[in-house]
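Participant: Would you mind keeping the following structure in view while I ask a few things?
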Amino acid sequence: MQYWLFKTEPHCFGIEDLKKAKNQTTSWDGVRNYQARNFMKAMKCGDLGFFYHSGKNPEIIGVVEIVKEAYPDHFAWDMFNEHFDAKSTPEKPLWFMVDVKLAEEFKEPLSRKRLSAELALADMELMKKGSRLSVQPVSKEHFDYIMKIALHK
């Protein structure tokens, strides 16, 4: 099993939106960074990821499970969609998405400030200065450590 972190702006698509989605499941589309795309292509069903609200009050708010592995992001082909990319075609897709399902919402979100106080998380990708990837890997050790904090709050 692998572990991930998915960043989203809560006003664009937050955990409340995921909770309202059919079966609390949605496609994670619109990723337009090659490294983040490659991470999504490496995801397998059953992998887990943190649901992270970025923006003004960054925080990990819950956990999602990968329920469908990477497939072409068809929104890249829709010229009326904000994620349109003329270089991507159905024959040669550039962008991919996965489907995620809400696995758990934390009773109390874990703020980035709170997480940055944990020395055990100092080398986590999220904590690195300038880390801006919207999809990033999380080590099993970091995932387990954060879950321990979340469950003991």
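All of the numbers you see were taken from the coordinates with simple rules; none came from a lab. All values derive from a computational prediction rather than experimental measurement. Glycine gets a Cβ as well: all are built from the backbone with ideal geometry, and neighbour counts include every protein chain shown.
Participant: Of everything in region 87-108, what is in contact with a Gly (Cβ under 8 Å, 6 or more places away or on another chain) and free of Cβ contacts under 8 Å to residues at least 60 places away in the same chain? Give them in sequence order.
Facilitator: Ala103, Glu104, Phe106
Participant: Just give me the residues in region 18-58 being charged (D, E, K, R) and within 12 Å of Val100 (Cβ to Cβ), in sequence order.
Facilitator: If the condition is that a residue be charged (D, E, K, R) and within 12 Å of Val100 (Cβ to Cβ), then Asp29, Asp47 are the ones that fit.
Participant: Filter region 97-122 down to residues that are among the basic types (Lys, Arg) and within 23 Å of Thr26 (Cβ to Cβ), then give me how many there are.
Facilitator: Looking only at region 97-122, we keep the residues that are among the basic types (Lys, Arg), and these are 101, 107, 112-114.
Adding the requirement that they be within 23 Å of Thr26 (Cβ to Cβ) leaves 101, 107.
Count: 2.
Participant: Looking only at region 10-23, decide whether some residue is within 12 Å of the chain's Cα centre (by Cα), over 14 Å from Glu105 (Cβ atoms) and assigned to a strand (DSSP E or B).
Facilitator: Scanning region 10-23, I find no residue that is within 12 Å of the chain's Cα centre (by Cα), over 14 Å from Glu105 (Cβ atoms) and assigned to a strand (DSSP E or B), so the answer is no.
Participant: If I ask for residues that are touching a Ser or Thr at 6+ places or on another chain (Cβ under 6 Å) and without any contact (Cβ under 8 Å) to a residue 60 or more places away in the chain, which ones from region 23-66 would you list?
Facilitator: The one that is touching a Ser or Thr at 6+ places or on another chain (Cβ under 6 Å) and without any contact (Cβ under 8 Å) to a residue 60 or more places away in the chain: Glu59.
Participant: Among the listed residues Arg37, Arg132, which satisfies the condition of being over 17 Å from Phe13 (Cβ atoms), surrounded by fewer than 16 Cβ atoms within 10 Å (Cβ to Cβ) and under 13 Å from the mean Cα position of the chain (by Cα)?
Facilitator: After ruling out the rest, the residue left standing is Arg132.
Participant: Residues of region 69-90 being under 25 Å from Cys45 (Cα atoms), of a type in the set (D, E, K, R) and assigned to a loop (DSSP other than H, G, I, E, B), which ones?
Facilitator: Result: Asp73, single match.
Participant: Residues Ser88, Ser116: which one is crowded, with 17+ Cβ neighbours inside 10 Å and hydroxyl-bearing (Ser, Thr, Tyr)? So that I can check it myself, show each step before the final result.
Facilitator: Working: Ser116 fails: crowded, with 17+ Cβ neighbours inside 10 Å.
So the residue among Ser88, Ser116 that is crowded, with 17+ Cβ neighbours inside 10 Å and hydroxyl-bearing (Ser, Thr, Tyr) is Ser88.
Participant: Hey, another quick one. May I ask you to list the residues in region 109-129 that are in contact (Cβ under 8 Å) with a residue 12 or more places away in the chain and farther than 22 Å from Glu9 by Cβ?
Facilitator: Correct list: Glu118, Ala120, Leu121.
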